[in-house]
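Notes follow the structure.
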């Protein structure tokens with residue numbers, strides 16, 4: 001029987017020498033291994049990006065501090081932003097999508113396993129290229145090394161005149177390379193979801209995670225491609241002497257802003273929609289209720305994706321657009337709050353009346369829910385153009401988007417780590433350490449980012465290297481920096497928990513959470529072939545049907561047509 | 001593992017999903033369309049904004065003949081695929097080769113135009129905004145034509161060695177889809193560069 005053959009194979013793998021195992025990992029086309037590679041890669045860059053953030057916070061801990069030079073500070077905020085967006089959050093979410101989507105839709109693998117491996121290695125080498133700039137970007141004696149133009153690299157700062165040496169070239173090329181990797185993965189996710197679903201799983205019966213990753217992949221295709229185009233133009237300017245963003249020759253610096261933010265705003269939703277996906281899987285399982293309003297959740301997500309394509313210029317209110325443009329982008333930005341609000345109410349309604357289990361994944365999801373709400377509220381404040389005229393480029397903006405990226409996306413992702421760790425590792429994580437991580441990180445997060453709003457309101461601009469004493473910013477910056485250390489401690493507990501549990505954790509069965517989606521029907525960790533027999537499903541919760549044959553979901557589900 | 005058999009329902013599910021190659025190609029075409037859109041927007045935004053000459057109306061001549069070549073290659077590739085679908089293996093290499101020849105002619109036309117612009121008119125990518133946007137947009141398209149021609153050549157070699165058979169029609173059709181896209185983009189580029197931009 002096939003199972004015996006596979007078991008033998010696994011026993012062999014365990015005893016193989018390190019070089020052979022390494023070779024297997026490097027040459028793998030298995031979606032689960034690639035998913036784990038993505039996630040581990042993202043964790044490594046999370047550490048690096050975190051160290052860069054810590055350097056900035058130490059520099060700003062008191063006025064007139066001299067921890068690093070202004071040049072290094074510029075490199076730190078550029079590398080921190082670029083790393084966290086492109087080499088932490090995106091690979092992390094792609095990793096989870098890679099690992100989970102085929103399992104959840106009952107498929108053997110992604111639609112294009114080799115394209116999958118190719119995309120991962122493009123992303124990986126993109127990140128390595130970016131960090132190689134620390135060593136290799138010295139064009140002329142005395143030039144900067146790492147990119148120092150900010151993560152959105154406004155023209156004309158990126159022109160040859162103002163950015164000597166090769167630092168900006170490294171930035172451009174690494175984002176171009178990893179961007180092609182992202183597009184490859186997005187194509188793969190879409191093809192997988194449309195073409196690889198197991199029998200019976202119509203689109204209306206897919207787990208929400210698959211649906212939301214589908215929307216995310218569509219957004220990647222529509223958003224990352226413009227960024228690639230803009231990076232090609234920047235490369236043309238820098239290498240071939242073109243004039244796209246060269247104001248001296250009639251070019252426009254503003255058009256770079258448009259091109260960048262046409263990517264940049266949908267990118268926020270590329271990052272947050274998978275976080276929604278995690279919450280939509282975790283909250284029902286730990287509330288012991290099916291998700292509330294499944295069709296509306298899907299519709300709201302599609303709606304968010306659609307509107308997110310038409311809001312980019314709210315990043316540019318301070319540039320000086322005309323009144324019509326301002327009005328349009330104010331209204332479209334505010335409109336996004338409607339489908340987002342629908343989602344928040346649906347998650348709350350899922351929890352309402354449920355039997356809530358406060359395990360670590362659920363704690364992180366509850367944190368996600370409330371912090372995302374606050375992030376959305378400051379988002380609505382900033383969507384009003386006059387408000388942004390006052391607070392644009394201040395620490396209020398920094399606090400707002402960190403509330404989204406850390407408070408919402410990272411919290412939901414931590415929830416996902418704890419929720420699917422037993423599936424990926426076959427071991428249970430340590431619940432005490434998990435809760436410690438949650439509380440440390442929660443306290444650190446709120447110390448840092450709640451208090452960061454206030455210096456912004458008091459007029460502290462972002463990206464400044466130091467500041468004068470006596471403006472009322474001193475104590476606040478001290479608190480913000482202290483919070484950063486709490487977060488760092490939380491992350492260390494998290495990594496320690498992952499490592500310790502991987503080696504010494506309690507072995508778990510296939511379904512430790514009594515969950516309902518297909519990934520929990522196969523062993524933990526799943527065999528290379530995922531499912532010995534291709535599953536067939538009749539409802540959105542196939543494992544519920546299996547466990548409760550007397551009362552299956554498919555009798556009640558709205559869209560059942562059999 | 002013991003729970004698995006129960007996941008097979010007794011309801012007889014009819015199950016038909018779209019071919020993955022086609023879906024992936026549509027996705028790729030969407031991504032490419034987004035890239036071209038940005039270049040087209042940049043071109044249109046910079047029309048008439050060059051500070052120095054040469055200007056488009058002085059140096060550009062619409063390449064009608066080469067456009068006809070490229071657009072008719074869409075027809076020949078369609079005929080090639082449909083003859084493969086009907087298992088007429090002799091018709092396929094002929095139409096396929098004709099597609100390659102028409103595409104190569106178009107590329108030669110672009111090369112000739114660039115040669116004239118660079119050596120006779122003194123327009124390079126560094127000269128002015130027109131040069132920057134023109135060479136980028138037309139060059140991006142020419143790059144896609146080149147990639148298409150390389151793929152078409154590969155299939156042609158396989159066909160001549162007898163490896164392309166009726167069962168490969170679906171895959172060859174996916175490649176044809178890309179080629180149709182390259183042709184369709186040329187319609188946009190032609191309109192933008194040689195009609196609106198002049």
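Can you tell me which condition residue B:134 does not meet? The list is (1) surrounded by fewer than 21 Cβ atoms within 10 Å (Cβ to Cβ); (2) at pLDDT 95 or above; (3) within 19 Å of residue B:63 (Cα to Cα), and all the others hold.
It fails just one condition, (1).
Would you call residue A:456 crowded, with 21+ Cβ neighbours inside 10 Å, farther than 30 Å from residue A:200 by Cα and touching a strand residue (DSSP E or B) at 6+ places or on another chain (Cβ under 6 Å)?
yes
Matching residues to (1) within 22 Å of residue B:196 (Cβ to Cβ); (2) within 14 Å of another protein chain (Cβ to nearest Cβ); (3) in a helix (DSSP H, G or I):
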{"residue": "B:48", "(1), (2), (3)": "yes, yes, no"}
{"residue": "B:77", "(1), (2), (3)": "no, no, yes"}
{"residue": "B:82", "(1), (2), (3)": "no, no, yes"}
{"residue": "B:109", "(1), (2), (3)": "yes, no, yes"}
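Considering only the stretch A:234-251, state which residues are in a loop (DSSP other than H, G, I, E, B) and facing chain B (nearest Cβ under 8 Å).
The answer is A:241, A:242, A:243, A:244, A:250, A:251.
Condition check ((1) under 29 Å from residue A:498 (Cβ atoms); (2) in contact with a helix residue (DSSP H, G or I) (Cβ under 9 Å, 6 or more places away or on another chain); (3) buried (at least 18 other Cβ atoms within 10 Å of the Cβ)) across all residues:
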| residue | (1), (2), (3) |
| --- | --- |
| A:352 | no, yes, no |
| A:357 | yes, yes, no |
| A:364 | yes, yes, yes |
| A:370 | yes, yes, no |
| A:373 | yes, yes, no |
| A:378 | no, yes, yes |
| A:383 | no, yes, yes |
| A:387 | no, yes, no |
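Report, by residue number, each residue of the stretch B:70-120 that is within 13 Å of the chain's Cα centre (by Cα) and touching a residue at least 40 places away in the same chain (Cβ under 8 Å).
Scanning the stretch B:70-120 gives B:70, B:71, B:73, B:74, B:77, B:99, B:100, B:103, B:104, B:106, B:107.
Could you tell me how many of the residues in the stretch A:155-203 are within 25 Å of residue A:420 (Cβ to Cβ) and more than 14 Å from chain B (Cβ to nearest Cβ)?
Qualifying residue count for the region: 1.
For (1) surrounded by 15 or more Cβ atoms within 10 Å (Cβ to Cβ); (2) touching a helix residue (DSSP H, G or I) at 6+ places or on another chain (Cβ under 7 Å); (3) outside any loop (DSSP other than H, G, I, E, B), each residue gets a yes or a no:
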residue	(1), (2), (3)
A:467	yes, no, no
A:499	no, no, yes
A:514	no, no, no
A:520	yes, yes, yes
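Does at least one position in the stretch A:336-347 carry a residue that is touching a helix residue (DSSP H, G or I) at 6+ places or on another chain (Cβ under 7 Å) and more than 21 Å from residue A:266 (Cβ to Cβ)?
Yes, the stretch A:336-347 contains a residue that is touching a helix residue (DSSP H, G or I) at 6+ places or on another chain (Cβ under 7 Å) and more than 21 Å from residue A:266 (Cβ to Cβ).
Taking the options A:501, A:539, A:521, name whichever one is in contact with a strand residue (DSSP E or B) (Cβ under 6 Å, 6 or more places away or on another chain) and more than 30 Å from residue A:69 (Cβ to Cβ).
Within the list A:501, A:539, A:521, the selection yields A:501.
Rundown of residues vs (1) in a helix (DSSP H, G or I); (2) under 30 Å from residue A:296 (Cα atoms), yes/no style:
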site: A:150; (1), (2): no, no
site: A:154; (1), (2): no, no
site: A:159; (1), (2): no, no
site: A:171; (1), (2): yes, no
site: A:185; (1), (2): yes, yes
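The values are calculated or read from the model by the stated rules, or taken from the named source; none is laboratory data. Given the structure is predicted, the values throughout are model-derived calculations rather than measurements. Here Cβ is always computed from backbone atoms with ideal geometry, including for glycine, and neighbour counts include all displayed protein chains.
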